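Visitor: Take a look at this one; I'll ask things after.
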Amino acid sequence: MPVIAAKRSLRSHPSSPPRKSPRRCTAATPNSSPNVNKFGTDENQAHPAAVKPKWNPKDGEQMKAAKLALHLSTAPASVVCREEEQNVVLEFCKGCVEHKKAGSLYICGCPGTGKSLSMEKVKEQLLNWAKEAGLPLPDVLSVNCTTLANTSDIFTKMLGSNQTQGKKVSATPLQQLQNMYSQKSPIKNMTLIVADELDYLITKDRAVLHDLFMLTTFPFSRCILIGVANAIDLADRFLPRLTSLNCKPAVVNFQAYSKDQILKILEERLNELPYTVFQQQALELCARKVAAASGDMRNALSICRSAIEMLEAEVRESACNMNTSLEEISFSTQNVPTAPDLMKKREFDTVRTDHMARALSKTYRSPVVDTIQSLPHHQQIILCSSLAHFRGAKKDTILGELYKSYVGTCRSSLIPPTGILEFSNMCRVLNDQGLIKLGQSREDKLRRVSPKVDEGDITFALQGIR
C-alpha cells in the first residue's frame with residue numbers, strides 16, 4: 001500500500017539504523033484484502049480530503065452521484081451523532097424482548113433531527129441481536145399516523161394476522177387486542193410497533209392515543225410501543241393523562257443538531273464519493289448557518305444540493321460562452337484557442353463558498369442580509385473592516401481606528417480608499433440604515449462606533465463577495 005511504502009522509505013534513510021517491520025502489521029499480507037467501499041476506493045486511507053482527486057462537474061455521472069449522496073432518500077451506512085439515543089432505545093427494546101415484557105417509549109424532537117432514521121437502524125439492530133441470541137424474532141410494524149384514514153385504523157394494523165380467521169367477530173380491533181392481551185397466548189414473540197408522526201393522533205383523536213399506550217399495561221401484553229413525534233411540548237400535553245392511567249412512557253429527546261454534528265454528517269455522506277466535491281469552508285458555512293437557524297439536517301442536505309446546482313448552472317453558462325467565443329473567432333486562422341484552453345481560464349472543480357452563500361440566501365432570506373448585500377462596495381468594506389473591532393468582549397471602537405482598518409482592507413484588496421471625510425459620511429449612511437450606531441463627539445475621528453446587527457449576518461451577507 002502507498003502508506004506502508006512511504007514509511008519504509010523513511011526507515012531506510014542513511015542517518016537511521018535499519019529496523020524490522022513489526023509483525024503485527026497485517027495490512028499487506030497476501031490473504032488480507034483492503035476495506036473497499038462501493039465506489040472501489042480504499043476506506044483505510046488516512047484522510048479522504050487529503051488524497052481524493054477533485055471532481056469534474058462537467059461529468060454528468062459524477063454530478064448525479066454527488067446529488068444522490070446528499071438526497072434524503074439515500075440512507076447513510078451509519079447514523080452518526082445519534083449513537084447515544086439509538087443505544088438507549090435499543091437497550092430498552094432488548095430488555096422487553098429478553099424478559100417478554102411490554103413497554104412504551106416516547107421519542108420527541110424537532111424535525112430533521114434523525115428520529116425516523118435512527119428507528120430504522122434500531123429495528124435492524126434489534127432483529128440481528130435477537131437472531132444471534134437465539135430468541136424469537138419480534139414482529140415489527142411501522143405506522144405513519146398521517147397515512148391513516150381513521151385514527152382507529154392503527155389497531156387494525158396491530159391486529160394483523162392475529163385476527164380470527166373464518167369467524168365473524170363483532171368486537172372492534174381495539175377490543176380484540178385488549179382481550180388478546182388479557183389472557184395467555186401460545187404466541188411467544190413480541191411485537192415492536194413504531195408509530196411515527198404521533199402528534200397527528202393527539203390533534204385528531206386523543207382517546208385513540210391513550211388507548212394505544214394503555215395496551216402495554218395489560219397482564220399478557222406482548223406490545224413494545226415506540227411513539228415518535230416532532231412536537232417537543234407534546235409530552236407536556238398528553239403525558240400527565242397517561243401518568244394518571246398508569247401507562248406513562250419513558251421519554252427520549254433528540255436535540256437539534258449542532259454545527260459540528262451537521263458538518264460531520266455531511267462529511268460522512270460525501271466520504272462515500274471517490275472525489276472531493278465541496279470546499280471545506282463551504283461545508284462549514286452551511287453547517288454554521290443551519291445550526292443557528294434550526295439544526296434541521298434535511299435543510300442542510302437540501303442547501304448542499306442547491307449549491308451543487310449553482311455550480312452546475314455556472315458550468316453550463318461557461319460552456320455557452322465558450323461556444324460563442326469559438327464562433328466569433330472561427331474566421332481567424334492564427335492563435336485560435338481550443339475549448340480546453342478557454343475552460344482553463346476558470347476552473348470548475350469544487351463547490352465554493354459563494355455557491356453555498358447563494359444557496360443559503362435562497363433558503364434563509366433576511367432583511368438585514370438583503371440590505372447589506374445591496375450596499376455600495378465601499379460601505380460593505382466598512383462593515384467587513386468593523387468585524388475585527390466588534391469581536392470578543394469589546395463591542396465598540398472609535399471612527400479613527402475603524403478608518404485605519406478600512407484603509408488596510410482596501411489596500412490589501414488593491415482598491416483605492418476614500419478620504420476620511422467621505423468615510424465619515426458613509427458611516428452616517430450606515431447609521432441611518434440601522435447597521436451601526438455612531439456616538440456624539442466634537443471631532444469625527446473620536447466618535448464611538450458600535451454594531452447594531454449580528455456579526456453572523458454581516459459574515460453571511462458578504463460571503464463570496466470579492
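Visitor: Starting from residues that are farther than 17 Å from ILE226 by Cα and open to solvent by less than 50 Å² (accessible area, probe 1.4 Å), keep the ones in the stretch 154-176 and report whichever is modelled with the lowest pLDDT.
Guide: Of everything passing the filter in the stretch 154-176, GLY160 is modelled with the lowest pLDDT.
Visitor: Condition first: modelled with pLDDT of 80 or more and over 27 Å from GLY456 (Cα atoms). Can you find one or more residues in the stretch 329-343 that meet it?
Guide: no
Visitor: Against the condition in contact (Cβ under 8 Å) with a residue 24 or more places away in the chain, within 27 Å of ASP354 (Cα to Cα) and open to solvent by less than 30 Å² (accessible area, probe 1.4 Å), how does CYS384 come out, does it pass?
Guide: No, not satisfied.
Visitor: When the residues of the stretch 438-466 are narrowed to those that are farther than 15 Å from VAL368 by Cβ, of a type in the set (A, V, I, L, M, F, W, C) and not in a strand (DSSP E or B), which ends up least open to solvent (accessible area, probe 1.4 Å)?
Guide: ILE465
Visitor: When you check LEU141 against the structure, is it in contact with a helix residue (DSSP H, G or I) (Cβ under 7 Å, 6 or more places away or on another chain), outside any loop (DSSP other than H, G, I, E, B), modelled with pLDDT under 90 and under 19 Å from LEU192 (Cα atoms), yes or no?
Guide: Judged against the criteria, LEU141 is not a match.
Visitor: Would you mind finding the one in LEU127, LEU117 that is open to solvent by 20 Å² or more (accessible area, probe 1.4 Å), part of a helix (DSSP H, G or I) and within 21 Å of LYS264 (Cβ to Cβ)?
Guide: Result of the check over LEU127, LEU117: LEU117.
Residues are listed down the side, and each one gets a yes or a no for (1) part of a strand (DSSP E or B); (2) modelled with pLDDT under 90:
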site: ASN253; (1), (2): yes, no
site: ALA256; (1), (2): no, no
site: PRO274; (1), (2): no, no
site: ALA292; (1), (2): no, yes
site: ASN299; (1), (2): no, no
site: GLU327; (1), (2): no, yes
site: ASP349; (1), (2): no, yes
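Visitor: Let me ask you something else. Does the stretch 261-269 include one or more residues that are open to solvent by 70 Å² or more (accessible area, probe 1.4 Å), among the charged types (D, E, K, R) and farther than 24 Å from LEU68 by Cβ?
Guide: Within the stretch 261-269, none of the residues are open to solvent by 70 Å² or more (accessible area, probe 1.4 Å), among the charged types (D, E, K, R) and farther than 24 Å from LEU68 by Cβ.
Visitor: Take the conditions of a type outside the set (A, V, I, L, M, F, W, C), open to solvent by less than 10 Å² (accessible area, probe 1.4 Å) and within 26 Å of LEU90 (Cα to Cα) and apply them to SER142. Does it pass?
Guide: Criteria not met by SER142.
Here is a yes/no grid of residues against (1) in a strand (DSSP E or B); (2) surrounded by 12 or more Cβ atoms within 10 Å (Cβ to Cβ); (3) in contact with a helix residue (DSSP H, G or I) (Cβ under 9 Å, 6 or more places away or on another chain); (4) at pLDDT 80 or above:
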{"residue": "SER9", "(1), (2), (3), (4)": "no, no, no, no"}
{"residue": "SER16", "(1), (2), (3), (4)": "no, no, yes, no"}
{"residue": "LYS58", "(1), (2), (3), (4)": "no, yes, yes, yes"}
{"residue": "MET63", "(1), (2), (3), (4)": "no, yes, yes, yes"}
{"residue": "LEU72", "(1), (2), (3), (4)": "no, yes, yes, yes"}
{"residue": "CYS108", "(1), (2), (3), (4)": "yes, yes, yes, yes"}
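Visitor: Mind counting the residues in the stretch 174-206 that are without any contact (Cβ under 8 Å) to a residue 12 or more places away in the chain and farther than 21 Å from VAL251 by Cα?
Guide: 3
Visitor: Next up: Determine the pairs where a residue that is farther than 14 Å from ASP396 by Cβ, located within the stretch 431-458, has a partner that is of a type in the set (Ser, Thr, Tyr) and in a loop (DSSP other than H, G, I, E, B) with Cβ atoms under 9 Å apart, the partner being 6 or more residues away or on another chain.
Guide: Between residues of the stretch 431-458 that are farther than 14 Å from ASP396 by Cβ and residues that are of a type in the set (Ser, Thr, Tyr) and in a loop (DSSP other than H, G, I, E, B), the close pairs are ASP457/SER366.
Visitor: Here is a check on your reading of the model: is LYS394 within 19 Å of ASP457 (Cα to Cα), modelled with pLDDT of 90 or more and open to solvent by 20 Å² or more (accessible area, probe 1.4 Å)?
Guide: No: the conditions fail for LYS394.
Visitor: Are there any pairs with C-beta distances below 7 angstrom linking a residue in the stretch 304-320 that is closer than 14 Å to GLY60 by Cβ and polar (S, T, N, Q) to a residue that is open to solvent by less than 30 Å² (accessible area, probe 1.4 Å) and part of a helix (DSSP H, G or I), with the two at least 6 apart or on different chains, and if so which?
Guide: Correct list of pairs: empty, since none qualify.
Visitor: Within the stretch 78-93, can you find the residues that are surrounded by fewer than 17 Cβ atoms within 10 Å (Cβ to Cβ) and out of contact with any Lys or Arg (no Cβ under 9 Å at 6 or more places or on another chain)?
Guide: Across the stretch 78-93, the qualifying residues are GLU83, GLU84, ASN87, VAL88, GLU91.
Visitor: Could I ask something else about it? If you scan the stretch 265-319, which residues turn out to be of a type in the set (Val, Ile, Thr) and over 10 Å from the mean Cα position of the chain (by Cα)?
Guide: If the condition is that a residue be of a type in the set (Val, Ile, Thr) and over 10 Å from the mean Cα position of the chain (by Cα), then THR276, VAL277, ILE308, VAL315 are the ones that fit.
Visitor: Moving on. Would you point out the residue of the stretch 185-206, among those that are open to solvent by less than 30 Å² (accessible area, probe 1.4 Å) and modelled with pLDDT of 90 or more, that is farthest from the chain's Cα centre (by Cα)?
Guide: Of everything passing the filter in the stretch 185-206, MET190 is farthest from the chain's Cα centre (by Cα).
Visitor: If you go through the stretch 425-437 one residue at a time, how many are on the phi < 0 side of the Ramachandran plot and either out of contact with any strand residue (DSSP E or B) (no Cβ under 9 Å at 6 or more places or on another chain) or open to solvent by 20 Å² or more (accessible area, probe 1.4 Å) (or both)?
Guide: Selection size over the stretch 425-437: 8.
Visitor: Continuing with the same structure: Going by the structure shown, is ASP354 out of contact with any helix residue (DSSP H, G or I) (no Cβ under 7 Å at 6 or more places or on another chain), at pLDDT 70 or above, under 21 Å from LEU266 (Cβ atoms) and surrounded by fewer than 17 Cβ atoms within 10 Å (Cβ to Cβ)?
Guide: no
Visitor: Hey, does the stretch 207-230 have a residue that's assigned to a strand (DSSP E or B), touching a residue at least 60 places away in the same chain (Cβ under 8 Å) and loosely packed, with under 14 Cβ neighbours inside 10 Å?
Guide: no
Visitor: Right, next: Here is a check on your reading of the model: is VAL122 within 25 Å of the chain's Cα centre (by Cα), open to solvent by 60 Å² or more (accessible area, probe 1.4 Å) and under 21 Å from THR216 (Cα atoms)?
Guide: no
The values are calculated or read from the model by the stated rules, or taken from the named source; none is laboratory data. Just so it is clear, the structure is predicted and the values come from calculations on it, not from any experiment. Quick reminder, even Gly has a Cβ in these numbers, built from the backbone with ideal geometry, and neighbours come from all protein chains shown. Only protein heavy atoms, including side chains, enter the accessible area calculation; ligands, DNA and RNA are left aside. Shrake-Rupley method; radii C 1.70, N 1.55, O 1.52, S 1.80 Å.
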